[in-house]
1. Across the range 263-322, what is the number of residues that are under 21 Å from residue 338 (Cβ atoms) and of a type in the set (Val, Ile, Thr)?
2. Out of 134, 177, 158, which single residue is of a type in the set (Val, Ile, Thr), free of Cβ contacts under 8 Å to residues at least 60 places away in the same chain and closer than 22 Å to residue 341 by Cβ?
3. Under 8 Å between Cβ atoms, at least 6 apart or on separate chains: pull out the pairs that start in the range 203-231 with a residue that is in contact (Cβ under 8 Å) with a residue 40 or more places away in the chain and end on any residue that is assigned to a loop (DSSP other than H, G, I, E, B) and β-branched (Val, Ile, Thr).
4. Contact list please: Cβ distance under 7 Å, first residue in the range 252-280 and more than 17 Å from residue 302 (Cα to Cα), second residue assigned to a loop (DSSP other than H, G, I, E, B) and open to solvent by 10 Å² or more (accessible area, probe 1.4 Å), pairs at least six apart or on different chains.
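The values are calculated or read from the model by the stated rules, or taken from the named source; none is laboratory data. Given the structure is predicted, the values throughout are model-derived calculations rather than measurements. Here the Cβ positions follow ideal geometry from the backbone for every residue, glycine too, while neighbour counts run over all protein chains shown. SASA here: full protein model, heavy atoms, side chains in, ligands and nucleic acids out. Shrake-Rupley method; radii C 1.70, N 1.55, O 1.52, S 1.80 Å.
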Amino acid sequence: TAEVRSRSSSPIWLAAALVVSVAVPASIALLMPNQPRGVEARDADVMPRKVATATPIYAARDAYERGRLALARRSQESLKVSVGHFERALSLSPRFAEAYVGLADSWSLMSSYGLVDPREGMPRARDAANRALTLDPLLARAHASLGRTAMIFDWDWTAAGAHFDRAIKLDAGQATTHQWFAYFLSASARHPEAVEAARRGIASEPLSMNTNTALGYVLYAARRYDEASAHLERTLEIDPDFAQARRNLALVRLQQHRPADALRALKRVAALNEGSPVALAEVAWMHAVNGETDVARRLLASLDRMRTTAYVPPDSMALVYMALGSPDEAVSWLKRAVTMRVGTVTHLPVDPKWDPLRNDPRVIEMTRAIRP
């Protein structure tokens with residue numbers, strides 16, 4: 001199984017499969033490595049004898065691989081694009097379990113990145129992941145996806161831990177599983193374990209921007225700022241325009257008392273994600289931290305206007321008000337974020353950026369609601 005999965009995910013193998021035109025019996029076509037998991041035998045029974053005419057199977061795999069590439073880039077545009085690719089894969093092969101996992105991950109990440117209201121995106125993510133498990137109960141990626149949903153939206157930490165444990169037992173080599181498990185451990189304040197889980201993710205995919213960025217974040221949450229800085233700097237050598245790594249480095253720079261560097265980094269993130277309310281809010285936040293309150297208030301006014309036509313995560317508004325010295329407004333917006341189950345508040349109990357509100361009794365109550 002591992003060999004088949006490895007070959008089927010290879011672009012070279014895919015390209016070769018697309019040009020094959022020799023006659024192959026339908027019974028052999030069933031075993032072809034590019035056939036998505038979950039395609040039933042009866043589908044192959046009616047397949048034409050020439051492989052080149054079996055277009056939907058290969059087109060489904062092609063759409064799936066394109067979706068995975070878009071998902072890995074993690075920009076606001078690429079995440080939206082990934083949804084279309086996974087939906088196309090499923091329209092061509094409705095029992096393609098891994099494509100359902102891809103769709104689940106797309107909706108989950110769009111929700112936590114502030115691109116859609118989590119009350120819309122996270123139920124879609126859960127439904128898609130559950131559909132994948134219905135088709136393939138042993139699919140590790142589906143368990144990992146449900147673990148993330150249970151953590152950031154349901155706040156069901158027991159279920160989340162169980163799904164991650166199951167995913168790792170089924171396939172210990174999945175980098176994404178270790179990455180999300182690291183975030184789970186970090187949000188639970190189990191920092192040494194979180195760092196170790198993130199390192200296991202990197203061991204599985206050493207050049208993955210996402211696994212490397214995850215290690216940078218959990219080191220930051222553990223308040224190991226110098227280590228986080230060094231690692232994120234090395235990560236950005238692989239891809240200087242990977243927005244999430246640069247954004248996490250900005251968080252580290254703030255804790256290193258380098259707010260001007262943090263502002264420059266966040267401006268770059270905003271340029272890479274043009275029109276993103278979250279990126280704009282973080283630029284406003286850092287202007288306020290740097291004492292440029294007039295600029296921060298102008299950007300805050302822009303965010304207020306954006307709210308009339310687009311989703312603006314309430315915790316983003318809270319950040320700006322916190323830096324402007326308006327704790328009551330900040331707490332009010334933060335409460336809205338908790339009520340809406342915004343994914344980023346999962347780390348409210350441990351994220352250093354919320355330290356200015358850390359001892360507010362209202363925030364303490366919120367953290368207890370998130371992580372009893």
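1. Residues in the range 263-322 being under 21 Å from residue 338 (Cβ atoms) and of a type in the set (Val, Ile, Thr): 3 in total.
2. Checking each option against the conditions leaves just 158.
3. 221/350
4. So the pair list comes out as 259/290; 260/290; 263/290; 272/75; 272/241.
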